[in-house]
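Have a look at the structure below, then the notes.
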Amino acid sequence: MKKFLTAALAASLTITLTACNPVSLLNQLLVDENANDPKIESAAEQRREELEGYGYKALKTDEERRVYSILDVSLTEGGNPHFVINNDGTLDNMGNILEMYKSDHPEVFWIDDSYGYEYVSYATYTEIDVLISMQDSELSKAKEEFNEAVDRILNDMPDGLSDYEKELYINDTLLDRCEYDDEAAKKDKVIGNEQNAYGALVDGKAVCEGYTRAFQLLCQKAGIDCVPINGTCESDSPMGGNHIWNAVCLEGEWYYVDSTWNDFQPEDSEYMLTDIERHLYFNMTTERIKQDHTISPVYGEESDMDYCNAYVPECTAEKYNYFNYSVPLLSDLDDCYEFEEALSLAVEQGRDTFEFRIDDSLDYDGTVEKIIDSYALDWFDYSNSVNDEGHQLGDGCMVYSYKELNVAAFSLEYE
């Protein structure tokens, strides 16, 4: 994950004054000459009554909230965001204010991820220019492409899904549409749209920030409360180091989900990317995510970490963890009618894999060995007996073991 940097064009403006030109008068003249567009200020004032995102709520002062609202009006109603702020310490937090805004607005993909903003400071005020990566007709076309991609994904979502099923659809659709941009991850600078939702949903290539922004946007559009989570992660892959993922709220309880890591497969992997790999980091507790992720603090808390968060929920629920909710449980090798039915249904649906949990009451290694030796063949024969000729399993089916999860999987080969 690469974040924007602050580019200071000038730290100060030195002016020689005479006794008849007091500093306060000159500053006032300069402020008047460079003041914000009154229409923007008025619109921003009205918008502040409507803003309710976690990022906006995390801001500490009225001046920070004013800057946020000016950003919102300027970025969403056209034009380059140019405005004046008071020299009251707000400039020191400008990068965080912009980050708080981005955390609430993943749909605003045209903020320049290389630098973010430029500024010129005077005696009592500072001029800010927020940089954008696209202009005029290019931006209009990109917005149209982006909105079409978002609408297509949401329109293709089946009707009547629960929030969990919507979230699962969004995760799987994002992984189908996007691939991790290894080349961009290796660079020390932003090279395209890899860090925004446009890169993930239109270009089909992104790094962790692009995955996270796209996932958040789609969840929000589907009516699911979702926030980005900044931090770091432990990994020898390009995904190691600074990182960003999501938290979602289902039935009033929060879960962590890392769609980027759900889309990762080691280069030396000998097996396909099964549903297990695609959901390893789907709806996890705080305790589990912290095994290989470190969460940055909330804005305003002291820390030596590079980035902060608008909101960090405590995730303790386990109901909607993928493996608890979506993966069939094998609890008895000799009394497994429901398990056999679930396997047969997966074959009827033409799935490539069938994953299942092995109950804690069973010896994992011994159970897998028995499945390989005899039980799997019996289950496959049962599936073939209840399914039509177009859904018959062949001899190429294999068993994969995920002992650390108490999970196993069949790769399903058809005749």
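What the table below lists for this structure:
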{"item": "Vicinal HN-Hα couplings computed from phi for the stretch 362-373 (Karplus, 6.51 cos²θ - 1.76 cosθ + 1.60; Hz; Gly/Pro x)", "result": "9, 6, 4, 4, x, 5, 4, 4, 5, 4, 5, 5"}
{"item": "Distance between modelled label sites at Glu389 and Glu45, nm, 7 Å Cα→Cβ extension", "result": "7.8 nm"}
{"item": "Debye-sum result for the stretch 282-415 in log10 I(q)/I(0), which assumes one identical scatterer on each alpha carbon, at q = 0.15, 0.22 Å⁻¹", "result": "-0.77, -1.33"}
{"item": "Among Glu167, Glu340, Glu389: highest mean-square fluctuation, GNM of the chain, C-alpha pairs under 10 Å", "result": "Glu389"}
{"item": "Net charge of neighbours whose Cβ lies under 10 Å from the Cβ of Arg48, counting Lys and Arg as +1 and Asp and Glu as -1", "result": "-2"}
{"item": "P(r) tail fraction, the stretch 105-166 - alpha-carbon pairs more than 12 Å apart, %", "result": "77 percent"}
{"item": "Lysines with Cα under 30 Å of Lys60, excluding same-chain neighbours fewer than 8 positions away", "result": "Lys2, Lys3, Lys39, Lys102, Lys221, Lys290"}
{"item": "Residue among Ser103, Ser74, Ser385 with the largest mean-square fluctuation in a Gaussian network model of the chain, springs linking Cα atoms under 10 Å", "result": "Ser385"}
{"item": "9 Å beta-carbon shell around Val120, net charge (K/R +1, D/E -1)", "result": "-3"}
{"item": "Of Tyr122, Tyr68, Tyr164, the one that fluctuates the most in a GNM where the chain has Cα springs shorter than 10 Å", "result": "Tyr122"}
{"item": "Solvent-accessible heavy-atom area per residue, rounded to whole Å², over the stretch 240-365 at 1.4 Å", "result": "49 Å²"}
{"item": "For the chain, calculated [θ]222 nm from helices alone, where every DSSP H run of n ≥ 4 adds -39500 (n - 2.57)", "result": "-10500 deg cm²/dmol"}
{"item": "Value of relative contact order over the chain, rounded to a whole percent, pairs C-alpha under 8 Å and six or more apart", "result": "12 percent"}
{"item": "Relative contact order (%) - the stretch 110-227, alpha-carbon pairs under 8 angstrom, separation at least six", "result": "21 percent"}
{"item": "Average accessible surface area per residue within the stretch 72-174, 1.4 Å rolling probe, Å²", "result": "41 Å²"}
{"item": "Mean Cβ neighbour count within 10 Å, used as a protection proxy, ranking 346-357, 206-217 highest first", "result": "206-217, 346-357"}
{"item": "Solvent-accessible area, 1.4 Å probe, carbon plus sulfur percent, for the chain", "result": "44 percent"}
{"item": "Estimated distance in nm for a label pair at Asp363 and Asp304, the labels positioned 7 Å out from Cα along Cα-to-Cβ", "result": "4.9 nm"}
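The values are calculated or read from the model by the stated rules, or taken from the named source; none is laboratory data. This one's a predicted model, so the numbers in the text were calculated from it and none came from an experiment. Cβ coordinates were reconstructed from backbone atoms using ideal geometry, including for glycine residues, and neighbour counts include every protein chain displayed. Side chains are part of the model used for accessible areas, which takes the heavy atoms of the whole protein and leaves out ligands, DNA and RNA. Shrake-Rupley method; radii C 1.70, N 1.55, O 1.52, S 1.80 Å.
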